[in-house]
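Inspection log for the structure reproduced underneath, given as structure tokens.
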Amino acid sequence: MGKIRVRALWLLFLACIVSFFVLGNSQKVVAEQTVNRMNIDVSLNDQGTATIKENWSVTADEGSEIYKVVKLVGPQELSNYQVSMDGRQFTRQSNWQTDNNRQQKAYQYGQNGDELNWGITSYGTHEYTIQYQISNFVEQTATKQMIAWQFLNSDVTISPKNLQVVVHDPNRQLSVDNGYGVWGFGFDGETAFNKGQVTMQSSKNLSEDNYVKMIVQIPKNTYDTAYKTTRSFDSYMQEAFKGSDYNYQDYKNGETVKNDQGRRLALIVVTVVILLVLGAGIWLLLWYRNYRRYYPTIKTLQKQTKGEYYREIPTGSIYNVYQLLSAMLSTTVTSNFLSVGLLQLMRDQYLTIQTKDAEKKPNKKKITFILADKELAADTPEPIQKLHELLKQAAKDGVVTQKDFGKYLSKHSKKLEALTKAFDHYSQQYGEANDLVYSTKTKRVKTDDKKRDRANRAASWLQGFRKKPAADEVDLNLARLKNYLQEFTLINERTPQEVGLWDDLMLAAAAFGIAEEVAEQLTVAYPEYQAESVYYHGSFFPFFAVQHFSSGAMTTAVSTGSGGATSMSGGGSFGGGSGGGGFR
């Protein structure tokens, strides 16, 4: 037996040695063709001609050349094409031969139809600079001028890990105030105006699924371009916005995203700096304390109502208090309400959850939702109708996975924003009808309570709504309800007859962000709850699964040319550039 063990150990040792050399050699064999970074600078002159300078950081361990496709439209022409690597200028070949080997293409460049071609020259990581001019880069539409250019196509191997595009004019300041706008399509990133320039920057590594298109709005007759069309600029934008995350109506109205709490907080931060410079820090502290006096946090209210309980949702429906909770909770309330919506669809049997071990990771749970083949009831709240529609659009054969839903929301941030607005609008309507909040159309209201008036002005900046005194009692009852949900010494009250109401109360628990905690304690107090509750049909831990499913869904997008998030889709089929290319 001892000899067998020794022999087995020797065999294991030899296997490890062989594996080490095999794996080590395999790493050397694997070839790499990667564009690490792509910086594109576009400089405009008075004739609307663009001088484009592209800096590429490329790692290549095989192949002989790199090529980029540039398709011109209308009267556009390409000239002054040059290429260099690591500062060394290449020599142009009038008749580019794609079949030549790497040595024959070394320090050479040329054109092959719509392709700009240059030799890889040397393997490893190198900096390539590609420069060229395109005349009539700016298009004069019937109403405005514009740039519509696709810098990169999808399904190409030259998609960079990082991309930046800068458009500028040495004789002009490009800004929103001067009548310019910018939109980006096909990738995750941001557009902005910065120091008189237009910038477009990726926020994630680009893949072969991405493309990069930019549309720039320019005032009419700014450039003396020969590229003129009879279509209006708005008609181009309407085409570009189809299938994108942008909203054409928002563009037409010149609107930016409303109720953007982040922007309001940013304005407050600026105010803080000014007040500190003026020595008014104490005033700001008093201002915030006064705001929190009338808009207290849930934690503060729970301390005030310790030992007091409320055993139902104060307004009948948890969706009616979306706005009030948004001012009370320290975290984003919309993420909680995504969980609420999923739970309601489960409760009303429009949705079934399934959790099972992932195939490749047994310790990780795979969460899926199965949509029921039936229409929503007519009285279903509007936010839940929108959520159900999002799930249907993300579903494949009636099944929605966590990955598919997250990917869909990331590509359609405008639809997620519309869902957030639906929650807010639904709550606002209830609040106005029940004398809890002021109408959004009502201007500043003065009451006998000047401190409340000041708090309401602060709330209109921070939260986008203003409470009336009647809302204070609803706030207190919400705190008492949370006390009740978290107080598990009241076991004797939780009889089987009352458990039938817990499926409804779990919606409130999800809105507070404590559904998993409440469910865990409830099953201890009343073990039969799992067998009786509709939520547990398909999963032993539905509340954790729902919270995990909805987390990370919140994104922000901007439907205006003043800059903001790019759209993962859309952009239209007009304009030049193409942006194809790859390695040979």
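Okay, residues lined up against (1) at pLDDT 80 or above; (2) β-branched (V, I, T); (3) at negative phi; (4) in a loop (DSSP other than H, G, I, E, B):
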{"site": "R454", "(1), (2), (3), (4)": "yes, no, yes, no"}
{"site": "S460", "(1), (2), (3), (4)": "no, no, yes, no"}
{"site": "F488", "(1), (2), (3), (4)": "no, no, yes, yes"}
{"site": "N492", "(1), (2), (3), (4)": "no, no, yes, no"}
{"site": "L505", "(1), (2), (3), (4)": "yes, no, yes, no"}
{"site": "A510", "(1), (2), (3), (4)": "yes, no, yes, no"}
{"site": "F540", "(1), (2), (3), (4)": "no, no, yes, yes"}
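Taking segment 192-205 as the search range and keeping residues that are within 22 Å of K407 (Cβ to Cβ) and in contact (Cβ under 8 Å) with a residue 24 or more places away in the chain, which one is surrounded by the fewest Cβ atoms within 10 Å (Cβ to Cβ)?
Of all residues in segment 192-205, those within 22 Å of K407 (Cβ to Cβ) come to 201-205.
Okay, now just the ones that are also in contact (Cβ under 8 Å) with a residue 24 or more places away in the chain, so 201-202, 205.
Values: Q201: 16, S202: 22, N205: 14.
Ranking the qualifying residues of segment 192-205, first place goes to N205.
To keep it simple, each residue is scored yes or no on (1) within 30 Å of S122 (Cβ to Cβ); (2) surrounded by fewer than 10 Cβ atoms within 10 Å (Cβ to Cβ); (3) of a type in the set (F, W, Y); (4) at pLDDT below 90.
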{"position": "L14", "(1), (2), (3), (4)": "no, no, no, yes"}
{"position": "Q47", "(1), (2), (3), (4)": "no, no, no, no"}
{"position": "E77", "(1), (2), (3), (4)": "no, no, no, no"}
{"position": "D86", "(1), (2), (3), (4)": "yes, no, no, no"}
Quick one: which of T368, T334, T315, T401 is modelled with pLDDT under 90, among the β-branched types (V, I, T) and under 30 Å from E487 (Cα atoms)? T334
Any pair with Cβ under 9 angstrom, 6 or more apart, that starts in segment 67-78 at a residue that is without any contact (Cβ under 8 Å) to a residue 60 or more places away in the chain and ends at one that is part of a loop (DSSP other than H, G, I, E, B) and surrounded by fewer than 21 Cβ atoms within 10 Å (Cβ to Cβ): E77/S135; L78/L72; L78/S135
Which ones in segment 91-109 are under 20 Å from V69 (Cβ atoms), assigned to a loop (DSSP other than H, G, I, E, B) and in contact (Cβ under 8 Å) with a residue 12 or more places away in the chain? Q93, S94, N95, W96, T98, N100
If only one of Q323, Q238, Q217, Q249 is part of a helix (DSSP H, G or I), modelled with pLDDT of 80 or more, under 24 Å from the mean Cα position of the chain (by Cα) and outside the structural domain of N477 (by TED's automatic domain parsing), which one is it? Q238
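Looking only at segment 512-533, count how many residues are among the small types (G, A, S), surrounded by 15 or more Cβ atoms within 10 Å (Cβ to Cβ) and modelled with pLDDT of 80 or more. Give the steps one after another, and end with the answer.
Filtering segment 512-533 down to residues among the small types (G, A, S) leaves 513, 515, 519, 525, 531, 533.
Filter once more, so that each one left must be surrounded by 15 or more Cβ atoms within 10 Å (Cβ to Cβ): 513, 515, 519, 525, 533.
Cutting the leftovers down to modelled with pLDDT of 80 or more gives us 513, 515, 519, 533.
Looking only at that region, the number is 4.
For segment 129-147, how many residues are farther than 19 Å from V198 by Cβ and either in contact with a Pro (Cβ under 8 Å, 6 or more places away or on another chain) or β-branched (V, I, T) (or both)? Give the steps one after another, and end with the answer.
Here is the first cut: in segment 129-147, the residues farther than 19 Å from V198 by Cβ are 129-132, 135, 142-143.
Narrowing the set further to residues that are either in contact with a Pro (Cβ under 8 Å, 6 or more places away or on another chain) or β-branched (V, I, T) (or both) leaves 129-130, 135, 143.
Total meeting the criteria: 4.
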Which of the residues spanning segment 62-75 are at pLDDT below 90, surrounded by fewer than 17 Cβ atoms within 10 Å (Cβ to Cβ) and out of contact with any Gly (no Cβ under 7 Å at 6 or more places or on another chain)? E62, G74
Residues to consider are K421, K451, K414; find the one that is in contact with an Asp or Glu (Cβ under 7 Å, 6 or more places away or on another chain) and outside the structural domain of G189 (by TED's automatic domain parsing). K414
For segment 46-60, enumerate the residues that are under 35 Å from the mean Cα position of the chain (by Cα), in a loop (DSSP other than H, G, I, E, B) and not hydroxyl-bearing (S, T, Y). G48
When (1) assigned to a strand (DSSP E or B); (2) under 18 Å from V35 (Cβ atoms) are applied to N80, the one that fails is (2)
Going through segment 118-127 in order, the residues found to be crowded, with 23+ Cβ neighbours inside 10 Å and in a strand (DSSP E or B) are W118, G119
State all residues of segment 177-191 that are in contact (Cβ under 8 Å) with a residue 12 or more places away in the chain, of a type in the set (D, E, K, R) and not in a strand (DSSP E or B); if no residue qualifies, say none. D188
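The values are calculated or read from the model by the stated rules, or taken from the named source; none is laboratory data. Computed from a prediction, not measured in an experiment: that's the story for all the values here. Methodologically, a virtual Cβ is constructed for each residue, glycine included, from the backbone with ideal geometry; neighbour enumeration extends over all protein chains shown.
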